[in-house]
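The values are calculated or read from the model by the stated rules, or taken from the named source; none is laboratory data. Fair warning: this is a prediction, and the values are worked out from it, not measured in the lab. Virtual Cβ from ideal backbone geometry, glycine too; neighbours counted across all protein chains shown. Just so you know, the surface numbers come from the protein's heavy atoms only, side chains and all, with ligands and any DNA or RNA stripped out. Shrake-Rupley method; radii C 1.70, N 1.55, O 1.52, S 1.80 Å.
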Amino acid sequence: MHGNHWSLILFTLLAQASAGTMVLGTFFRSVSRISGRPALPQSAFRRGLFIAAAAMIAAALISFFHLGTPLHAIYVLNNLASSWLSREILAVILFTGSVCLVALLHILGTKREGLLHFLESSSAILGLILVFSMSRIYMLPTVPIWNHLFTPLTFFGTMFLIGAATWMLIMGYYREFAASPVNVIGNLCVGFGAFQLTILVLHTLYISGLTTGLNESWMIGLRFFLLLVGTLMAAKVDRDSDHRLLILMFVVFTAAELLGRFQFYAGYSRIGI
Amino acid sequence: MSEKKITQYAFYIDTSNCSGCKTCQVACKDKNDLDVGVLWRRVYEISGGDWVERKTTWQAGIYAYHLSISCNHCREAACLAACPTGAISRRDDGIVVIDKKKCVGCRYCEWACPYGAPQFDQTAGVMTKCDFCLDYLGQGKTPACVAACPLRVLEFGELEELIAKHGNQAHIYPLPAPTVTKPAMILKPHKDAKRAENEEADVVNKEEV
């Protein structure tokens, strides 16, 4: 793995965390709009929104560190016709711009609910497109260990898991909110944690059949342990849980995904010569 | 080589006679003034087998052959499709080139190419690769690697003419299947290539390529 992969590890994790936070936050807001019952306090949604915007801006800046000649970045949209990397960069630009625009409108106190709803929903959709295009970059015929359904499944799993864990962290500050969806978010953390565990097991079985790529079993074991611990913690938390427990759960899940992403890049091995 | 306009430049490699001397590799590095660590032409040594004990004697059952590979200027170049900046393009004569003024150095083409052709130049911060000695071709001269080979195992020319002369084999172990990128390259396989493929022989000089 060459040195600039650390910038890619952080870029992909931050971008997926941002997309997950935006997608789930917009989902909760949409549910409350349809049901007529508040799902998130306005200030809680804004916190999630600002976290998503900050994470995405950080991701975009960090991505420049993996380029040999960053000044040539002005050309990176030149091959949308065939390059998934071009398409992903377009998605980065559109998603970052969209999330920042929504954040700005909230800061300015815009009351136009219809416009806000449209932009929030658009941002969520752009976030999903971003994670999809990100996963397609790695599905190269020349890299068998990446060229599989496990890549998008893992990427979307990370997106939803970190997004849910982020919302759990935020809602820890809103215990008094009567309709707090903490239990729902906790169940989502359990679900996504179990999903990532399942994918980890199946993916390990798949790559053990390949003769290429790094396959450090201790890393897989550690990631499995962290995901299991995080999932069990998520099953126990509720609106009265100590906030330190929520922070710990977030850290455990983030550490698991960081380890998983490191393994992903370290496992790179190309066919041919 | 015929006088008519070339539509697809290609290399022919006679791996049955390549001695692995690396004169082609050195000639390329010298002509293009390549930095340390950048190899536009790479000579691989594939080796396998073992000494076999027969009663009181040992018989040599080891085999080895060499493969001189640069860029194959593929007709479905994976690097070209992958490049986000459009820095990689194909000329009318089939030669695939990298425009250093556009390359952003993301190294995505390095992942996409199954032949290891795009090489990252750490000093310049961009990807580089064999350009078929375009400047020499323009002067009616021979690419440096082809001219330098003391055993004359390298040839170049129009792909169709090389196929008519040497056949259309474009695969030898451990190269990937030619269906992946349709390389503009044909070769004559070494007599032990099939055995190497069956036994999954190793590339034994990885540190040199």
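Miscellaneous remarks
- Members of segment B:168-185 found to be out of contact with any Lys or Arg (no Cβ under 8 Å at 6 or more places or on another chain) and loosely packed, with under 15 Cβ neighbours inside 10 Å, listed by number: B:Asn168, B:Ala177, B:Thr179
- Tally, over segment A:135-150, of residues that are over 30 Å from A:Leu101 (Cα atoms), open to solvent by less than 60 Å² (accessible area, probe 1.4 Å) and within 14 Å of chain B (Cβ to nearest Cβ): 7
- Looking only at residues of segment A:84-93 that are open to solvent by 30 Å² or more (accessible area, probe 1.4 Å) and either out of contact with any Pro (no Cβ under 9 Å at 6 or more places or on another chain) or modelled with pLDDT under 95 (or both), we find that the one that is nearest to B:Ala112 (Cα to Cα) is A:Leu90.
- Taken as a whole, the structure leaves A:Ser241 outside the set of residues that are more than 30 Å from A:Trp167 (Cβ to Cβ) and either at pLDDT 95 or above or more than 14 Å from chain B (Cβ to nearest Cβ) (or both).
- Of all residues making up segment A:25-52, the number that are open to solvent by 10 Å² or more (accessible area, probe 1.4 Å), among the aliphatic types (A, V, I, L, M) and in a helix (DSSP H, G or I): 3
- Selection status of B:Gln25, modelled with pLDDT of 95 or more and under 18 Å from B:Ile186 (Cα atoms): no
- Boolean, A:Gly230 is surrounded by 17 or more Cβ atoms within 10 Å (Cβ to Cβ), assigned to a helix (DSSP H, G or I) and away from chain B (no Cβ under 14 Å): yes
- Segment A:53-83: number of residues that are buried (at least 23 other Cβ atoms within 10 Å of the Cβ), at the interface with chain B (Cβ under 8 Å from one of its Cβ atoms) and not in a loop (DSSP other than H, G, I, E, B): 0
- Every test in (1) loosely packed, with under 15 Cβ neighbours inside 10 Å; (2) touching a residue at least 60 places away in the same chain (Cβ under 8 Å) is passed by B:Lys141 save one, and that test is (2).
- Selected residue (only one of A:Leu13, A:Leu8, A:Leu40 is within 14 Å of chain B (Cβ to nearest Cβ) and either without any contact (Cβ under 8 Å) to a residue 40 or more places away in the chain or touching a Lys or Arg at 6+ places or on another chain (Cβ under 9 Å) (or both)): A:Leu8
- Here B:Lys55 does not fit the description of being touching a strand residue (DSSP E or B) at 6+ places or on another chain (Cβ under 9 Å), charged (D, E, K, R) and more than 23 Å from B:Asp99 (Cβ to Cβ).
- One residue from B:Val153, B:Val146, B:Val126, B:Val96 being away from chain A (no Cβ under 12 Å) and in contact with a Lys or Arg (Cβ under 7 Å, 6 or more places away or on another chain): B:Val96
- Candidate set from segment A:106-134 (those that are surrounded by fewer than 22 Cβ atoms within 10 Å (Cβ to Cβ), under 23 Å from A:Gly157 (Cβ atoms) and among the hydroxyl-bearing types (Ser, Thr, Tyr)); member that is farthest from the other protein chains (Cβ to nearest Cβ): A:Ser121
- Check on A:Phe262, more than 16 Å from A:Ala164 (Cα to Cα), away from chain B (no Cβ under 14 Å) and aromatic (Phe, Trp, Tyr): yes
- Scan of segment A:70-105 for residues that are aliphatic (A, V, I, L, M) and under 15 Å from A:Phe118 (Cα atoms), ordered by number: A:Leu94, A:Val99, A:Leu101, A:Val102, A:Ala103, A:Leu104, A:Leu105
- Any pair with Cβ under 6 angstrom, 6 or more apart, that starts in segment B:186-209 at a residue that is open to solvent by 80 Å² or more (accessible area, probe 1.4 Å) and ends at one that is not hydroxyl-bearing (Ser, Thr, Tyr): B:Lys188/B:Asp14; B:Glu199/B:Gly48
- Condition broken by A:Ile185, with the remaining ones in (1) at pLDDT 95 or above; (2) open to solvent by less than 60 Å² (accessible area, probe 1.4 Å); (3) hydrophobic (A, V, I, L, M, F, W, C) satisfied: (1)
- Residue in segment B:110-119 that is open to solvent by 10 Å² or more (accessible area, probe 1.4 Å), in contact with a Ser or Thr (Cβ under 8 Å, 6 or more places away or on another chain), of a type in the set (Phe, Trp, Tyr) and more than 14 Å from chain A (Cβ to nearest Cβ) present: no
- Failed item, numbered, when A:Phe160 is tested on (1) in contact (Cβ under 8 Å) with a residue 24 or more places away in the chain; (2) away from every other protein chain (no Cβ under 14 Å); (3) under 22 Å from A:Gly267 (Cβ atoms); (4) open to solvent by 40 Å² or more (accessible area, probe 1.4 Å): (3)
- Residue pairs meeting the criteria (Cβ under 7 Å; at least 6 apart or on separate chains; first open to solvent by 60 Å² or more (accessible area, probe 1.4 Å), in segment B:123-137; second not β-branched (Val, Ile, Thr)): B:Thr123/B:Asp35
- Test: A:Thr96 is out of contact with any Gly (no Cβ under 7 Å at 6 or more places or on another chain) and either open to solvent by 20 Å² or more (accessible area, probe 1.4 Å) or not in a loop (DSSP other than H, G, I, E, B) (or both): yes
- Within segment B:61-92, the set of residues being over 24 Å from B:Lys29 (Cβ atoms), in contact (Cβ under 8 Å) with a residue 24 or more places away in the chain, away from chain A (no Cβ under 12 Å) and open to solvent by less than 20 Å² (accessible area, probe 1.4 Å) comprises just one member, B:Tyr63.
- Test for A:Leu248: is it open to solvent by 60 Å² or more (accessible area, probe 1.4 Å) and in a helix (DSSP H, G or I): yes
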